[in-house]
1. Rounded to the nearest 20 Debye, what is the dipole magnitude of the chain about its Cα centre when Lys and Arg each give +1 and Asp and Glu each give -1 at the C-beta?
2. With Rg and the Kirkwood Rh both taken from Cα atoms, where does Rg over Rh land for region 1-68?
3. Could you compute the net charge surrounding G360? Neighbours are other residues with a C-beta less than 9 Å from the C-beta of G360; K and R count +1, D and E count -1.
4. On the accessible surface of region 214-343, probed at 1.4 Å, how many percent belong to carbon and sulfur atoms?
5. Just the number please: accessible area per residue for the chain, 1.4 Å probe, all protein chains included, in Å².
6. Mind checking region 144-240 for trypsin sites (Lys or Arg not before Pro) that DSSP puts in a loop (not H, G, I, E or B) and that have at most 10 other Cβ atoms within 10 Å?
7. With a sphere of radius 13 Å drawn around the Cβ of P276, what net charge do the other residues whose Cβ falls strictly inside it have (Lys, Arg +1; Asp, Glu -1)?
8. Could you sort out which of K515/K537; K29/K287; K200/K282; K104/K269; K289/K538 sit more than 31 Å apart by Cα distance in this structure?
Amino acid sequence: MSSGVKYVFVTGGVTSSLGKGIVAASLAKLLQARGYRVTIQKFDPYLNIDPGTLNPYEHGECYVTDDGAETDLDLGHYERFLNIPTSQANNVTTGRIYNTVITKERQGAFLGKTVQVIPHITDEIKRNITLLGETGEFDIIITEIGGCVGDIESLPFVEAVRQLRWDLGPNNSLVVHLTLVPYLKSAGELKTKPTQHSVKQLSESGIQPDILVCRTEHPLPIEIRKKVAQFCNVQINSVIEAMDAETIYDVPLLMRKEKLDERVISKLKLPTKGEPVLDSWKEFLGKLKNPIDEVNIGLVGKYVELKDAYKSIVEAFIHAGAVNECKVNLKWISSESLNDETISQVLKSLDGVLVAPGFGERGIEGKINAIKFVRENKIPFFGICLGMQCAVVEFARNVLHLKEAASFEMNPDTPYPVIDIMADQKDLTMKGGTMRLGAYPCELKKGTKAFSIYGKNKISERHRHRYEFNNQYLAQFEAGGMIASGLNPDSGLVEMVEIKDHPWFIGAQFHPELKSTVLNPHPLFVKFIKAARDYSKK
Ligand code: GLN
């Protein structure tokens, strides 16, 4: 069935959190840098249709694509590494697979037949795996299988991969298995047994991996590589060492050194192309690692115990820091800890404050307090989504003297719903996939800070929220000094606000962090860091 498209499957064993997403993205980067057209997709074994309804504590950040899909945070890494957009097709869950099959069953698509995991579920998985391959846009599709081999819920995916490899025929697919080679301090040794067991488990499901990527804290000596190769049935040059890296952006270069891309190219019998061109990537790394300045940025949020909840924001700061040759020290601040007594102590030494996106009431007053402080003390401020909404509420209360102003989300009975629910949202009862999601156009007003930052007036940014600036109050806000610098040209919704009389006070209803990549750092983050650096020098 091969249409010339090659498939690489990335599985994981021993434990979760080994960084399959980063290894997949790094391999993709190397192949892309050689001139192949590559994309990556992730198949997640859980039953939610998508991660949109999950608390960030469960699964980290929910990453949103241009087409409005709520997806796994690994898609963020794919975009940041490859600099090409992903879509709904790049992230599929077990829930989505079952939903399709069961809907078809109700429609009578399988009349007369017993609907079963094999073949119906595995067929649907296979259909989804090959979707992007059929677009003609890619030479290589890398598919990351979430979870660990051996997990009950991963079994249908592993079986689908087994079948698909047979369907595709020789040299058209390969399996990269990511494992752990732990170092036992007491024994002073690297241990290969967990890797052996993990490969055995995968083999029992009918899949012999072609390449093993071994996460390790210490270099793998040749004897260990030999042992892994012999007991796991792979060639010795297919045992790839993946040492802990200083930054995830080093991983493509580490994988290059280990020749992961060469192994993949030779095993897939891909037409040879030149060496990978990684000049701009290396230039980025050079700047990242040799900063001239440094700034302290407060990230005020309510999920700060779990850094993955704000993954794209953290990465966008890394990109923006590198552009400015400025180290960004992120200070994680729990919004619940910010009250009248603590606020000045916590915020006064910062060069900039970002108030993060979020949902629900917890920690809201802390965010509003933080914004009052940075507005009055002229500290650079950047509010994203809920962060912008809090800035609007703060301005209403403390500048426009609408004391009980609130967002409808936090207080539906407020006399001043400066952030409100839209008519088309009011009667919705279904929670999944019903927010304002994905890319929307925005027009920036000439003469605003936003306009000068982007350097153009038509932009497109990604959204994920239910509530909006209430335009009934717009004239009052603008008269008071907070202006709408960006508007949706179709609906007139306020997408950006800024305060005239402040060195850098910007709120965005959208999520700029989702579009920041290594090669295209987001201008709002770049200029925010620049403003923080200027502030720090004052
Ligand atoms: N809770 C807010 C809303 O739904 C903001 C969402 C967000 O920050 N992503 O509108």
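1. 1240 debye
2. So for region 1-68, dividing Rg by the Kirkwood Rh gives 1.00.
3. 0
4. Accessible surface attributable to carbon and sulfur in region 214-343 totals 49 percent.
5. With all protein chains present, the chain gives 41 Å² per residue.
6. K185
7. +3
8. K200/K282; K104/K269
The values are calculated or read from the model by the stated rules, or taken from the named source; none is laboratory data. None of the values given here were measured: they were computed from a predicted structure. A quick note on method: Cβ atoms are made from the backbone with ideal geometry, for glycine too, and the neighbour counts reach across all protein chains shown. Remember, those area values only see protein heavy atoms, side chains included, never the ligands or the DNA or RNA. Shrake-Rupley method; radii C 1.70, N 1.55, O 1.52, S 1.80 Å.
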